[in-house]
Amino acid sequence: MGGSKQMRTPKLGIVLQVTEVTQRGTEARSWVVHDVERNRGFKVSLATATMEEAPAGQKARAWSEDEVQGAIGVAVDRFLASSPQLVAGPLYDVEVTSGDLFDFAKPGA
């Protein structure tokens with residue numbers, strides 16, 4: 001389990017407070033993520049199998065911790081773009097996809 005970190009999402013520039021809450025022996029990593037400015041919360045998960053997948057036309061690869069953190073921002077951006085009517089209070093479930101990992105890692109992204 002890791003500590004907290006602040007970061008900005010790559011597209012929307014939203015400030016996030018990210019805290020890893022992964023339990024030992026689970027098949028996924030998970031984080032509690034808060035939108036600092038709008039007080040919205042997210043429970044973000046990344047399955048181990050997802051880290052080993054590759055979108056069509058891409059090769060599977062190993063991911064650095066910085067790339068995983070960046071993919072969290074991409075996933076939250078994607079979720080917010082498709083769910084504009086979010087309110088403060090509940091934790092919304094967000095899943096990091098292999099596409100989020102590759103979108104963050106591609107040059108110029």
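The values are calculated or read from the model by the stated rules, or taken from the named source; none is laboratory data. Computed from a prediction, not measured in an experiment: that's the story for all the values here. No Cβ is skipped: glycine too gets one built from the backbone with ideal geometry, and neighbour counts run over all protein chains shown.
Summary table below
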| item | result |
| --- | --- |
| So V76, is it at pLDDT 95 or above, outside any helix (DSSP H, G or I) and of a type in the set (A, V, I, L, M, F, W, C) | no |
| The one condition in (1) loosely packed, with under 13 Cβ neighbours inside 10 Å; (2) touching a residue at least 12 places away in the same chain (Cβ under 8 Å); (3) more than 13 Å from the chain's Cα centre (by Cα) that E52 fails to fulfil | (2) |
| Only one of D93, D100 that is within 17 Å of E27 (Cβ to Cβ), of a type in the set (D, E) and touching a strand residue (DSSP E or B) at 6+ places or on another chain (Cβ under 9 Å) | D93 |
| Any hit, region 28-35, residues being among the hydrophobic types (A, V, I, L, M, F, W, C) and in contact with an Asp or Glu (Cβ under 8 Å, 6 or more places away or on another chain) | yes |
| When residues of region 20-40 are limited to those that are over 14 Å from V94 (Cβ atoms) and of a type in the set (S, T, Y), the one surrounded by the most Cβ atoms within 10 Å (Cβ to Cβ) | T22 |
| Subset of region 17-44 [part of a loop (DSSP other than H, G, I, E, B) and not hydrophobic (A, V, I, L, M, F, W, C)] | T22, Q23, R24, G25, T26, E27, E37, R38, N39 |
| Only one of G70, G41 that is at pLDDT 95 or above and under 17 Å from A105 (Cβ atoms) | G70 |
| Pick from region 91-109, criterion of a type in the set (G, A, S) and surrounded by 11 or more Cβ atoms within 10 Å (Cβ to Cβ), ranking: farthest from V21 (Cα to Cα) | A109 |
| Only listed residue being in contact with a Lys or Arg (Cβ under 7 Å, 6 or more places away or on another chain), exposed (fewer than 13 other Cβ atoms within 10 Å of the Cβ) and either in a helix (DSSP H, G or I) or of a type outside the set (D, E) (or both), chosen from A81, A88 | A88 |
| Filter result (modelled with pLDDT under 95 and more than 17 Å from A81 (Cβ to Cβ)) within region 6-28 | T22, Q23, R24, G25, T26, E27, A28 |
| Filter result (at pLDDT 90 or above and loosely packed, with under 12 Cβ neighbours inside 10 Å) within region 55-66 | S64, E65, D66 |
